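Visitor: Just passing along the structure, written as structure tokens.
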Amino acid sequence: MRGKSDKTLTRLVPVLLTWFDQSARSLPWRTARGVKRDAYRVWLSEIMLQQTTVPHAAPYFIDFTTRWPTVDHLAAAKDEDVMQAWAGLGYYARARNLLKCARDVAARGGFPETEAALRTLPGIGPYTAGAIAALAFGERTPAVDGNAERVFARLLAMQEDWPAAKKRIAAIVRELVPASRPGDFAEALMDLGATVCTPKRPDCHVCPLAELCLARIEGAPEQYPVKPEKAARPERFGAVYVLRRAGFVWLVRRAPSGLLGGMLALPTSAWSETSAHTAAPLEADWRRVGDVRHVFTHFSLKLDVWTADVADADLPEGVWADEAQTAGLPTVFAKAARLGGVNVPKRR
DNA sequence: AACCCGGGGGG
DNA sequence: CCCCCAGGGTT
């Protein structure tokens, strides 16, 4: 049915696994070859790695597994402790779903062991369900992430539009997963994509699949995958307030959903097309000390930073936080707090 | 299917 | 400066 590509695809599996045996990365959530993987650690690492690079996620993984060694420990954790520990990793809905999922799993006595059942848990989508099932439970199920998609788009020199290509790749990989080593196959594709078949400058002369790769044969593998243009990123403006009192700073808790949902924050104005200093948490001798810029997924933000020192204050909501607590601020607020004279501890 | 949701490092 | 990364949830 796939004609010419059949041969390529059949040869791919053993070649890739042999390469993996020699070239696998050593990562904090991995085990020695042949050692059973722990579902909790697989799950936690996969959630942290969603849209997040390995070097950025790794220290968080070590921190979490040290503080909460099992899913039962994590399920029993306080929400605010988990949100603080997640600060700086981004996509904070992941942390909220992480806790929900941990509590669901603890309540039912452990992780479900099939792709289909895993898929029903909060924060676990098609990719993560396949990854956990394959890695932790040895199910013959695919784990197609951005790396695997790029590898296959090049291998088959896929010309169709990207949504169609992704669909075809998912179907192909589902057929290819070897029953003997489904988890190793998943990790092998990730490693190949991360270390050899990289987005901009694929290193084809060390690639175990070079002989099979149609994009390499064409001569310009970096032209794949063919992705649609993305929309321009608009800019928004606002004001952020650093209110200090004898070594403490005033922090508020953001609404439970939406941007930076549930996170500790500095008070801000609304963010709009223009900047306005109209939302200070109280009347004080405010001074503007500069601005911070931050890029979110779908817009850029510039916040004017205002500071004031008070002896006492009566505020409707929020907390006077010491410097240790400011380590739990998302990056945009950590930047603003530092500019406002607060000594925000470096996380790691 | 389209849109929402962070942050960082590499080129 | 631009790129995109071990994606999922919501509508």
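Visitor: Separation of region A:124-181 and region A:19-51 by C-alpha centroid, Å?
Guide: 17 Å
Visitor: While we're looking at this one, here's another question. Tell me the mean residue ellipticity at 222 nm calculated for chain A from its helices only (DSSP H runs of n ≥ 4, each -39500 (n - 2.57), averaged over every residue, nearest 500).
Guide: -12000 deg cm²/dmol
Visitor: Let me ask something else. Given an 8 Å cut-off on Cα distances and at least 6 residues of separation, report the relative contact order of chain A as a percent.
Guide: 16 percent
Visitor: For region A:243-304, just say rounded, prolate or oblate: build the C-alpha gyration tensor, square-root its eigenvalues into a ≥ b ≥ c, call rounded for a/c under 1.5, and beyond that prolate if a/b exceeds b/c, oblate if not.
Guide: It is oblate, given that a/c is not under 1.5 and a/b is not larger than b/c.
Visitor: Of A:198, A:306, A:131, whose Cα points farthest to the positive end of the dipole of chain A (charges on the beta-carbon: +1 Lys, Arg; -1 Asp, Glu; origin at the Cα centre)?
Guide: Farthest towards the positive end: A:198.
Visitor: Next question. Please report how far the C-alpha centroid of region A:277-341 lies from that of region A:258-272, rounded to the nearest whole angstrom.
Guide: The two parts, judged by their Cα centres, are 10 Å apart.
Visitor: Return the carbon/sulfur percentage of the accessible area of region A:5-223, one whole number, probe 1.4 Å, all protein chains in place.
Guide: Within region A:5-223, the accessible surface is 52 percent carbon and sulfur.
Visitor: Can you run phi through the Karplus equation (6.51, -1.76, 1.60; θ = phi - 60°) for region A:191-208 and list ³J(HN,Hα) in whole Hz, with x for Gly and Pro?
Guide: After applying 6.51 cos²θ - 1.76 cosθ + 1.60, I find 5, 4, x, 7, 10, 10, 8, 6, x, 9, 10, x, 9, 5, 6, 10, 7, x Hz.
Visitor: Using the charge dipole of chain A (Lys, Arg: +1 at Cβ; Asp, Glu: -1 at Cβ; taken about the Cα centre), state which of A:98, A:152, A:52 has its Cα farthest towards the positive end.
Guide: Going by the charge dipole, the pick is A:152.
Visitor: Moving on to the next point. Beyond a 31 Å Cα-Cα separation, which of these cross-linked pairs lie in this structure: A:227/A:335; A:227/A:302; A:166/A:335; A:100/A:200?
Guide: Result: A:227/A:335; A:166/A:335; A:100/A:200 exceed 31 Å.
Visitor: Quick one: among A:57, A:77, A:284, which has the greatest mean-square fluctuation in a GNM of chain A with alpha-carbon springs under 10 angstrom?
Guide: The residue that fluctuates most here is A:284.
Visitor: Hey, got the dipole for chain A? About the Cα centre, +1 on K and R Cβ, -1 on D and E Cβ, debye to the nearest 20?
Guide: 760 debye
Visitor: Using θ = phi - 60° and the Karplus curve 6.51 cos²θ - 1.76 cosθ + 1.60, what whole-Hz ³J(HN,Hα) does each residue of region A:82-97 get, with Gly and Pro shown as x?
Guide: The phi angles translate into 5, 4, 5, 5, 7, 3, x, 7, x, 6, 5, 4, 4, 5, 5, 5 Hz.
Visitor: Relative to the longest principal axis of the C-alpha atoms of chain A, give the angle of the C-alpha long axis of helix A:5-23, reported between 0 and 90° and rounded to the nearest 10°.
Guide: Rounded to the nearest ten degrees, it is 60.
Visitor: Provide the percentage of antiparallel DSSP beta bridges, counting only those with both residues in chain A; round to the nearest 5.
Guide: The answer is about 65 percent antiparallel.
Visitor: Enumerate the aspartates and glutamates that residue A:230 could reach by cross-link, defined here as Cα to Cα under 19 Å, with residues fewer than 8 away along the same chain left out.
Guide: Answer for residue A:230, where 19 Å is the Cα cut-off: A:149, A:160, A:161, A:222, listed by chain and number.
Visitor: Compute the Cα gyration tensor for chain A, then decide on rounded, prolate or oblate, letting a ≥ b ≥ c be the square roots of its eigenvalues: rounded whenever a/c is under 1.5, prolate when a/b is larger than b/c in the other cases, and oblate in all that remain.
Guide: It is prolate, given that a/c is not under 1.5 and a/b is the larger ratio.
Visitor: Follow-up. Nearest 5 percent is fine: what portion of the DSSP beta bridges confined to region A:235-339 is antiparallel?
Guide: Taking every DSSP beta bridge with both residues in region A:235-339, the antiparallel ones total about 65 percent.
The values are calculated or read from the model by the stated rules, or taken from the named source; none is laboratory data. Values in this document were obtained by computation on a predicted structure and should not be read as measured data. Methodologically, a virtual Cβ is constructed for each residue, glycine included, from the backbone with ideal geometry; neighbour enumeration extends over all protein chains shown. We work out accessible area using only protein heavy atoms, side chains counted, and drop any ligands, DNA or RNA first. Shrake-Rupley method; radii C 1.70, N 1.55, O 1.52, S 1.80 Å.
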